[in-house]
1. Could you give each residue of region 140-146 its phi-based ³J(HN,Hα) in whole Hz, using Karplus coefficients 6.51, -1.76, 1.60 with θ = phi - 60°, and x for Gly or Pro?
2. Of the cross-linked pairs LYS179/LYS285; LYS99/LYS285; LYS99/LYS270, which ones have a Cα-Cα span greater than 20 Å in the structure shown?
3. Using the charge dipole of region 53-307 (Lys, Arg: +1 at Cβ; Asp, Glu: -1 at Cβ; taken about the Cα centre), state which of ILE297, LEU113, THR98 has its Cα farthest towards the positive end.
4. How high is the relative contact order of the chain, given as a whole-number percent (alpha carbon pairs under 8 Å, six or more residues apart)?
5. Once the piece of chain linking GLU383 and HIS412 is laid out straight, how much longer is it, given 0.36 nm per residue of separation minus the C-alpha distance between them?
6. Counting other Cβ atoms within 10 Å, which GluC sites (Glu not before Pro) in region 120-176 have at most 12 and lie in a DSSP loop?
7. Given springs between every Cα pair under 10 Å in a Gaussian network model of the chain, which of GLY214, GLY276, GLY124 has the largest fluctuation?
8. Using the Cα centre as the reference, give the magnitude of the dipole from point charges on the C-beta atoms of the chain (Lys, Arg: +1; Asp, Glu: -1; all else neutral), rounded to the nearest 20 debye.
Amino acid sequence: MSAPHVQTPANGTPALDVARLREDFPVLHQQVNGKPLVYLDNAATAQKPAAVIEAISRYYREDNSNVHRGVHTLSERATAAYEGARETLREFLNAASTKEIIFTRGTTEAINLVAQAWGRANLGPGDEVLITHMEHHSNIVPWQLVCEQTGATLRVAPINARGEVEMDEFERLLGERTKLVAVGHVSNALGTINPVARMIELAHAHDALALVDGAQAMPHMAVDVRALGADFYALSGHKMFGPTGIGVLYGCEALLAAMPPWQGGGDMIKAVSFDGTVYSDLPYKFEAGTPHIAGAIGLAAAVDYLAGVGREAIAAYEADLLAYTEARLGEIEGLRLIGTAENKAAVASFVLDGVHAHDLGTIVDHHGVAIRAGHHCAMPVMEFFGVAATARASLAFYNTREEIDALVAALHEAREIFG
Ligand code: PMP
């Protein structure tokens, strides 16, 4: 049986009842600058359904307590909810064990954890880490830091004019020295969906490990870490309709078990003395200090919500909306799309002749339309395309064609003002 907001027409492709789904998102129902809000900045952070807001609120109202250490009832309830959230994430990602689900602050912290805990112990002079030219800064700088610290070298696979990784070059850069490949599943600046399964396969063929930055993939598609074969997979709750300040590092159990801890403190130890410390088992070894309990509970609620909507239905709906968006943007004279990969998620980055991206952002905001303007934490991508910044409309399943029409009307006005 399909979920109540999914209608399956005769051709078998599930369609979303978007009007009904929008009712689940309180923030969407407001006016901004006298116009109905059109929220097209989902790649920066997505909006939260009432189910997530309520799960967090309920926790603070009814169960708030610290986890793991308490013997009293509230602490037991908080621990059960927090560990239940871990199981929800395990199932959603199809990880083999909850030992492989480490709660972090987000993707950035998850990547830094691997760079520091795994990288410092396993990299040295002559070793290489391979990334791509389209990475977010959070999948560049942690590797630069650990390369500086260990004497390893960072290699960068080039991209082509459509914003796709040059796979021949990627393969050529892999070699005996490569110890780890770190790639984004979906580019936040371009929308490109990378062939990560193939990239992981190639990494493994060269005895290298593979980390995937999944920040932008999670809101748009089903992710199965075991089917992908990823050694590490990083995600952020707030991009997938959950709270800020919470994310996950998935790591293969054998690898995590062999890694030294990163941060030290409470909860990550079994016993501490001045003669030495015995660390906790997985996953606690990597969760020093009081975790973001409410965040984990909210993220689990977001996962339940996403699973209820259906990730296949979301992907199909968004593919259609992206095609519509790109076609409508194409009608605007002087507009150039940045990122035209064959395989794209719902992100449309663009520049408009004679109008700075920031001015575009400001003008469309006067129409109630929220887009992002800037380098999107991907300065090397901007440099490659020879632009200082782009304007970016990033879509979610609650966006509609009418909203895209509102964006396009606002962009026409920007052209008139500056044209
Ligand atoms: N990677 C990608 C592709 C992203 O889009 C982002 C967020 N813009 C990040 C990593 C970092 O995520 P966070 O700020 O939630 O840690």
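1. For region 140-146, the Karplus curve yields 10, 4, x, 6, 4, 4, 6 Hz.
2. Flagged as over cut-off: LYS179/LYS285.
3. ILE297
4. 22 percent
5. Fully extending the segment from GLU383 to HIS412 adds 7.8 nm.
6. GLU176
7. In this elastic network of the chain, the residue with the biggest mean-square fluctuation among GLY214, GLY276, GLY124 is GLY276.
8. 660 debye
Only the coordinates and a few stated rules stand behind these numbers; no lab work does. Predicted model, so just to flag it, every value in this text is computed and none were measured. Note: ideal-geometry Cβ built from the backbone for every residue, glycine included; neighbour counts use all protein chains shown.
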